[in-house]
Amino acid sequence: MDVLHSAGVRVAQHLQSGFNEYEDWFMFASNVADLHTPYFVFFPIWFHLQSKVGVKLVWVAVIGDWLNLVLKWVLFGERPYWWVHETEFYGSFQRPVLKQFPVTCETGPGSPSGHAMGSAGVWYVMISAILTLASQRNHSTLQTGCLRVLLWSLFCAIELLVCMARVYLAAHFPHQVIAGVISGILVAELFDKIQWIYGASLKKYVITTVFLFSFALGFYLLLKVVGVDLLWTLEKAKRWCVRPDWVHMDTTPFASLLRNLGTLFGLGLALSINAPLYQASYRGKWVHGTPFRLGCIVVSLLALRLLDLVPIPEEQELLLYALSFCKSAAVPLMVVWVVPGCLSQLFTVKKKKAQW
């Protein structure tokens, strides 16, 4: 692995020296590839356009990130920014110098890349949805083929940019981002064949949430008993990050796990509360027309922007985990229940006034 890691470090050095003028683009790509974007931006848009796609988006993101956590714990992947300091591969030769950035010092293992895996799964779902919608219209074979080529080329360009960004930032080795993209596509493909998620009850959401948490916690405690600490990377991050304030506790494995499980639980709760609206939209029979749906999208994005501004203290881990779960659960509740409910009342009042 040392040979593979050293080759990856050379790629990172080449990107940092040859593409430093694109640093802002790499930072932007890395930030957008985080699962924060699908939850706070893509989900509200898709849910109010095609609710089925919005639900699938959340499931792919949550299960994909949970699987990513398990794989990271199993594979014990290194990260470039600490590996270059600890490896004995270079012997007496000078060690490579890698530049670090505010988003470099993530605290979990490195393989496979969560950013690459999450973005691949999410974009695969969205592009597949667009192509499915296009196939339902009377387009010519040439138009459909051109659209397919265009969208999948866009997918490849986005994933290439994300992969380059994560390597440029010294957060991952090239083989880790490649593994992430492949894993993300496989998860998205798997959910193409799973249909029960669209009619799942709150009970199923709760059972799934409890199972995912119990499995991860049980796996962690089991290895802890036999002397394997799955949080071994946290100490490395604190030791080798050039700035202590770049090490964020919200990047720890359990913080990420609780955020995802909160989103999944919140979605199940919101759908159970607002079941009539969801079932109608799922069947293509919206209670209100296009203005209502567009209003839901705009208001949801604004509301989530305000929610995103609410800070979560990182001083106490248990408090961080609890608040992360609650804040994440509030996202689908806001999108699926609160905003449509309020706008529905508003549209109903306006309709009654118009009739008067």
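Here are the numbers for the structure shown:
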item: Cys residues of the chain counted as unpaired, since no other Cys beta-carbon is under 4.7 Å; result: CYS146, CYS156, CYS163, CYS296, CYS326, CYS342
item: In degrees, nearest ten, helix 339-355 long axis to first principal axis of the chain (Cα); result: 20
item: Cα principal axis extents for the chain, largest first, Å; result: 86, 52, 34
item: Additional length obtainable on full extension of the chain from ASP245 to PHE219, 0.36 nm per residue less Cα span; result: 6.4 nm
item: Whole-percent pair-distance distribution, where bins are 10 Å wide, for the alpha carbons of region 83-131; result: 18, 31, 27, 15, 8, 1
item: Karplus (6.51, -1.76, 1.60) ³J(HN,Hα), θ = phi - 60°, over region 147-152, in Hz, Gly and Pro reported as x; result: 5, 4, 4, 4, 5, 6
item: Karplus (6.51, -1.76, 1.60) ³J(HN,Hα), θ = phi - 60°, over region 245-256, in Hz, Gly and Pro reported as x; result: 6, 8, 8, 10, 5, 6, 9, 5, x, 6, 5, 5
item: Relative packing of peptides 133-146, 98-111, 180-193 - highest average C-beta neighbours within 10 Å first; result: 98-111, 180-193, 133-146
item: With Cα atoms, 0 to 90° folded angle of helix 51-75 axis to the chain main axis; result: 20
item: LEU294 paired with GLU23, simple spin-label distance in nm, labels 7 Å along Cα-to-beta-carbon; result: 4.1
item: Interchain or long-range residues, amide H under 5 Å from GLY77's placed H; result: GLY110, SER111
item: HN-Hα J in Hz across region 17-34 - Karplus 6.51, -1.76, 1.60, θ = phi - 60°, x for Gly and Pro; result: 8, x, 10, 5, 6, 9, 4, 4, 5, 5, 5, 4, 4, 5, 5, 5, 6, 5
item: Label point distance in nm, TRP152-LEU318, each placed 7 Å from Cα along Cα→Cβ; result: 5.2
item: Approximate shape of region 138-283 as ellipsoid semi-axes (Cα gyration tensor, √5λ), whole Å, largest first; result: 34, 28, 14
item: Packing-based ranking, highest mean first, of 323-331, 147-155, 86-94, 4-12 given that Cβ atoms within 10 Å are counted; result: 323-331, 4-12, 147-155, 86-94
item: Rounded FRET efficiency, nearest 0.05, which uses the C-beta distance separating THR37 from ILE273 and R0 of 30 Å; result: 0.75
item: Solvent exposure, largest accessible area first (probe 1.4 Å, DNA, RNA and ligands not counted), of ILE312, ILE297, ILE207; result: ILE207, ILE312, ILE297
item: Cα-based Rg and Dmax for region 33-146, where Dmax is the largest Cα-Cα distance (Å); result: 19.8, 67
item: FRET E, pair HIS85, VAL11, Förster distance 25 Å, beta-carbon r, rounded to 0.05; result: 0.90
item: Between helix 174-192 and the chain: long-axis angle, C-alpha atoms, 0 to 90°, nearest 10; result: 30
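The values are calculated or read from the model by the stated rules, or taken from the named source; none is laboratory data. Just so you know, these numbers come straight off a predicted model, no measurement behind them. Neighbour counts run over all protein chains shown; Cβ positions are idealised from the backbone, glycine included. Ligands, DNA and RNA are stripped out before the accessible areas are found, and what is left, the full protein with its side chains, is counted by its heavy atoms. Shrake-Rupley method; radii C 1.70, N 1.55, O 1.52, S 1.80 Å.
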